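A quick write-up on the structure given underneath.
The values are calculated or read from the model by the stated rules, or taken from the named source; none is laboratory data. Note that the structure is predicted; figures quoted are calculated from it, not measured. So basically every Cβ, Gly included, is an ideal-geometry build from the backbone, and we count neighbours across all protein chains shown. Side chains are part of the model used for accessible areas, which takes the heavy atoms of the whole protein and leaves out ligands, DNA and RNA. Shrake-Rupley method; radii C 1.70, N 1.55, O 1.52, S 1.80 Å.
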Number of protein chains: 2
Amino acid sequence: MLDAATELFASRGVAASTIALIAAHAGVTGAMVHYYFKNRDQLLDAFIDERVLPFVLSVWAEVPLAPPADAIGMVLALADRLMAGLPQRPWLPPLWIREITAAGGELRDRMLQRLPLPRMAVFAASIAAAQARGDVHPDLQPGLVVLSILGLVMLPLAAPAVVDKVLQPTAPKPGAALDAAALRRHVHALLAGGLKPPSLARSAL
Amino acid sequence: MLDAATELFASRGVAASTIALIAAHAGVTGAMVHYYFKNRDQLLDAFIDERVLPFVLSVWAEVPLAPPADAIGMVLALADRLMAGLPQRPWLPPLWIREITAAGGELRDRMLQRLPLPRMAVFAASIAAAQARGDVHPDLQPGLVVLSILGLVMLPLAAPAVVDKVLQPTAPKPGAALDAAALRRHVHALLAGGLKPPSLARSAL
């Protein structure tokens, strides 16, 4: 039933996915869905807890608890874990844009309440510590780095129609340029170069 | 009337903003709205053409028609024009996320049809030319750079509630860290450093 819900949430949005539709899509009765989930709120909770949260937590679980020597490596590793999990979850980027990022998204509060905030705070503090050592560009906002990663990774995957349109000039085959490896190289280059302190680059000129 | 529509689109979404609601919000009759816009489709066209498109075109109009010597400067200037126009248009980032980026967004096709694609193609070609000269990191996808800028800039502005939550660890006052200047420094550092070819940075080590 959660598989059916996931498919409907991705294709129609959460608001339009009634229990009756989910039941029909799963090939069960509405009564069966009610038996398992009681109501719509509990179905949404179960969807977040079983389909979305385990992946989010796995992305964050390996962030070191103490500031690591290599903060840029820590950031790239987080982006890599995110990108590595998305090919098996093609429904996640559009769902994330529509239901979690967009104002009024039905899953936003549920997700915000479950974010691993202490781990995210350690991540930001590790970036700030690296800035204090001169290892990360001082102009970066440590707390914004997570959103920057999400923006760089999720946006192209959430809007393939837009990507096809804007990539057309350089990519002859629609969508061809957006294989996972190309996106990973692109995001790595921006993050790795962008996080570096300016002194390293400047002294080379 | 378009002011009223803009406010409702941003706060309730386009789908929920009926002509009756827009008329009530503007303090006119539904008949008046119909008199000016005939129907909902023409109202949405007018909204895009008068409120969104002029800004989008102004951001793109200054992209040089021939590949410039300084491609990184061209990218930063585009990001700057975008960021400079958003404080007067606080409704645009959430609207962009929900109605243009998200699947099923009611303004997506209207906007895609009006994108200045030739200018966007020149922009991507200029980045590719700079890569060929060794002035821009070879791992970047030229066609993805626009989406990267949008992701870096629009996402934090579209989801202030999320930003407050993830910035909390480093920013004592909610929202305090996301003034326009801080976001600009953050985006500049990521783009300027991220676009640089690796040889410049490496030779400094």
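Just the number: Rg to Rh for chain A, Cα atoms, Kirkwood Rh, two decimals. Before the final figure, lay out each step's value.
Values: Rg = 19.7 Å, Rh = 18.9 Å.
Checking Rg against Rh, the ratio lands at 1.04.
For the protein assembly as shown, the equivalent ellipsoid derived from the alpha-carbon gyration tensor has semi-axes of 35, 28, 20 Å in decreasing order.
Could you size up the charge dipole of chain A around its Cα centre, putting +1 on the beta carbon of Lys and Arg and -1 on that of Asp and Glu, and report it in debye to the nearest 20? Please report the intermediate quantities before stating the final value.
Working: 18 positive and 16 negative charges, 63 e Å.
Taking the Cα centre of chain A as origin, the dipole is about 300 debye.
Of all the options A:LEU150, A:LEU117, A:LEU82, the one that moves most in a Gaussian network model of chain A with Cα springs shorter than 10 angstrom is A:LEU117. Heavy-atom accessible surface of A:ARG119, to the nearest 10 Å², is about 60 Å², with a 1.4 Å probe and all protein chains retained.
Label-to-label distances for A:ASP41 across copies, nearest first, come out at 4.2 nm, using points 7 Å from Cα in the beta-carbon direction. Spin-label pair B:LEU112-A:ASP3: with each label point 7 Å from Cα along the Cα-Cβ axis, the two points sit 2.9 nm from one another.
Which one, B:ALA125, B:LEU140, B:LEU57, projects farthest toward the positive side of the charge dipole computed for the stretch B:12-162 from Cβ point charges (K/R +1, D/E -1)? It is B:LEU57.
The mean number of partner chain beta-carbon atoms within 10 angstrom of a residue's beta-carbon across peptide B:151-163 is 6. When both the stretch B:66-95 and the stretch B:104-159 are represented by their alpha-carbon centers, they are found 11 Å apart. Of B:LYS38, B:LYS196, the order by accessible heavy-atom surface (1.4 Å probe, DNA, RNA and ligands excluded), from most exposed downward, is B:LYS38, B:LYS196.
With label points defined 7 Å past Cα in the direction of Cβ, position A:ARG12 shows copy-to-copy spacings of 2.3 nm, given to one decimal and shortest first. From helices alone, chain A scores -18500 deg cm²/dmol at 222 nm; the rule is -39500 (n - 2.57) for each run of n ≥ 4 DSSP H residues, then divide by the residue total. By the gyration tensor of its Cα atoms, with a ≥ b ≥ c the square roots of the eigenvalues, what is the shape of the stretch B:69-152: rounded for a/c under 1.5, prolate for a/b over b/c, or oblate? It comes out prolate by the Cα gyration axes.
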